[in-house]
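Okay, so here's the structure we're looking at.
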Amino acid sequence: MTLTTTLTIPRPDDWHVHLRDGSILEAVVGHTAAQFGRAIVMPNLTPPVTTAEQAVAYHQRILNALHKTAPGSQFKPLMTLYLTNNTTAEEIRRASESGVVYGVKLYPAGATTNSDAGVTDVLRYCGAALEAMQECGLPLLVHGEVTDPSVDLFDREAVFIDRIMIPLRKQFPALKVVFEHLTTAEGVAYVSEAEGDIGATITPQHLLYNRNAIFSGGLRPHWYCLPVLKREKHRLALVEAATGGSKRFFLGTDSAPHVKGRKEQDCGCAGCYTALHAMELYAEAFDAVGRLDQLQAFASENGPAFYGLPVNQDTITLQRQEFEIPDQLQLGDEVLVPLANGRKLAWSIVKA
Ligand code: NCD
Ligand code: ZN
C-alpha cells in the first residue's frame with residue numbers, strides 16, 4: 001500500500017457555518033471563502049434573520065464583506081431563514097422565491113447561542129410554515145436537542161429524536177430535513193435508517209475529539225460547543241458515518257466565531273472556530289481511519305446532491321505537509337482562538 005501524499009477533490013462546500021455580522025463577518029468570511037465554494041449561512045444574528053427581506057439584506061452584507069476582504073472570490077453564500085412560532089406560509093414562499101434562501105433553521109428556544117426567539121413547540125405553532133416548506137421543497141435544518149432542563153445535557157439529542165424528530169417527520173413525510181451537527185450514535189442510527197429525504201451534517205470537532213477534550217488538565221473553553229462533544233463511542237459512530245459511503249452524511253463545520261474574551265469568561269459562549277483550517281481538520285479525521293478516499297463524497301458531493309445543486313467545477317488540493325494551527329488570530333480589531341490552537345495537523349491545503 002502506498003501512502004497518499006496529495007489529494008485533489010472538487011471544491012468542497014460548508015453546509016453549516018456562522019459568519020456573524022459587522023466586524024466579525026469581515027474578519028471570518030475570507031477563511032470560509034478560501035476553502036469552500038458555497039456555505040449554508042446560519043441566521044442566528046441579533047436580531048435573527050426571520051424574513052426573506054432580512055435574508056436578502058444579510059446576503060448583500062456578506063458579499064460586501066467578501067469584496068472588501070477577499071476581492072475576486074467566487075464564494076457563494078446560501079442563506080437561511082430563522083423559524084419562529086410566528087413564521088407564516090407567505091414568508092416561506094417569499095423566501096423560496098427570493099433566490100437566495102436555501103433552508104429554514106429550527107432552533108428550539110433556548111437551545112444555543114441567540115436562540116431565544118426560537119420555536120417553543122414546533123408541532124403546535126409551525127404547521128403552516130412546515131406545510132409551505134414541504135410544498136416549496138425548502139429543507140428544514142434542525143438543531144436537534146430538546147431544551148427540557150430535566151433532560152441531561154448529553155442525552156438531549158437522543159431524546160429530541162423520539163420527542164420531536166419522529167413525530168414531525170411523520171406529519172410532514174415529504175419535508176426535506178437536515179439533522180444539523182450530529183453528535184451521537186443514536187443520531188447516526190436514526191439518520192442512516194429513517195425513511196424519506198433526510199441528511200445530516202457533521203463537524204470536524206465531533207469527528208476528532210470526545211468530551212475529554214473539554215476537561216483535559218483544566219477547563220478548556222475553546223473545546224466547548226453545542227451540541228457538546230460526547231463520549232468516544234459516539235465519536236466512533238460519527239467517523240463511521242462520515243467515512244462509510246452513505247450519501248446522507250455531509251460536511252458542515254458549524255464554525256462559530258466568538259471573540260477570545262467571550263469564550264474565556266465565567267459563562268463562556270458555545271462555539272468552535274474552524275473556518276481557518278476546516279479541510280485540514282477533516283483530512284486528519286479521515287486519514288486517521290485510512291479513509292481519505294471518502295473525503296470527496298463527504299466534502300464535495302453528498303451535500304450538493306441533497307440540496308439539488310451541482311458539484312463545484314474547480315478543485316482544491318491537500319498535501320501531506322504539516323500545518324501548525326496558530327495560537328490565536330488577530331483579525332482587524334478582533335482576536336479569535338482557532339480550535340486546537342498550537343497543535344499540528346498532518347495535511348495542508350496547497351491549492352485553493
Ligand atoms: C453556535 C453559535 O455560536 O452561533 N454555537 C455552537 O456552539 N455551535 C450556535 C449553534 O450552532 O448551536
Ligand atoms: Zn451552528
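The values are calculated or read from the model by the stated rules, or taken from the named source; none is laboratory data. Just so you know, these numbers come straight off a predicted model, no measurement behind them. No Cβ is skipped: glycine too gets one built from the backbone with ideal geometry, and neighbour counts run over all protein chains shown. When the accessible area is computed, the model is the full protein with side chains, heavy atoms only, and any ligands, DNA or RNA have been set aside. Shrake-Rupley method; radii C 1.70, N 1.55, O 1.52, S 1.80 Å.
Points to keep in mind about this one:
- The range 145-181, subset within 16 Å of ligand 2 (Cβ to nearest atom) and in contact (Cβ under 8 Å) with a residue 60 or more places away in the chain, residue farthest from LYS230 (Cα to Cα): VAL178
- Of SER246, SER216, all but one fail to be among the polar types (S, T, N, Q) and free of Cβ contacts under 8 Å to residues at least 12 places away in the same chain; the exception is SER216.
- Candidates ALA278, ALA241 - the one that is in contact with a strand residue (DSSP E or B) (Cβ under 8 Å, 6 or more places away or on another chain), surrounded by 21 or more Cβ atoms within 10 Å (Cβ to Cβ) and under 18 Å from PHE36 (Cα atoms): ALA278
- Subset of the range 152-175 (residues that are over 19 Å from ALA132 (Cα atoms) and basic (Lys, Arg)): ARG156, ARG163
- Looking across the range 258-279, the residues that are small (Gly, Ala, Ser) and either more than 16 Å from ligand 1 (Cβ to nearest atom) or in a helix (DSSP H, G or I) (or both) come down to GLY261, ALA275, ALA278.
- In the range 110-127, of all residues being of a type outside the set (A, V, I, L, M, F, W, C) and assigned to a helix (DSSP H, G or I), the one that is most open to solvent (accessible area, probe 1.4 Å) corresponds to ARG124.
- Residue count for the range 112-138, restricted to those that are within 16 Å of ligand 1 (Cβ to nearest atom) and in contact (Cβ under 8 Å) with a residue 24 or more places away in the chain: 7
- Selected residue (criterion: modelled with the lowest pLDDT) from residues of the range 1-13 that are open to solvent by 20 Å² or more (accessible area, probe 1.4 Å) and either within 13 Å of ligand 1 (Cβ to nearest atom) or of a type in the set (A, V, I, L, M) (or both): MET1
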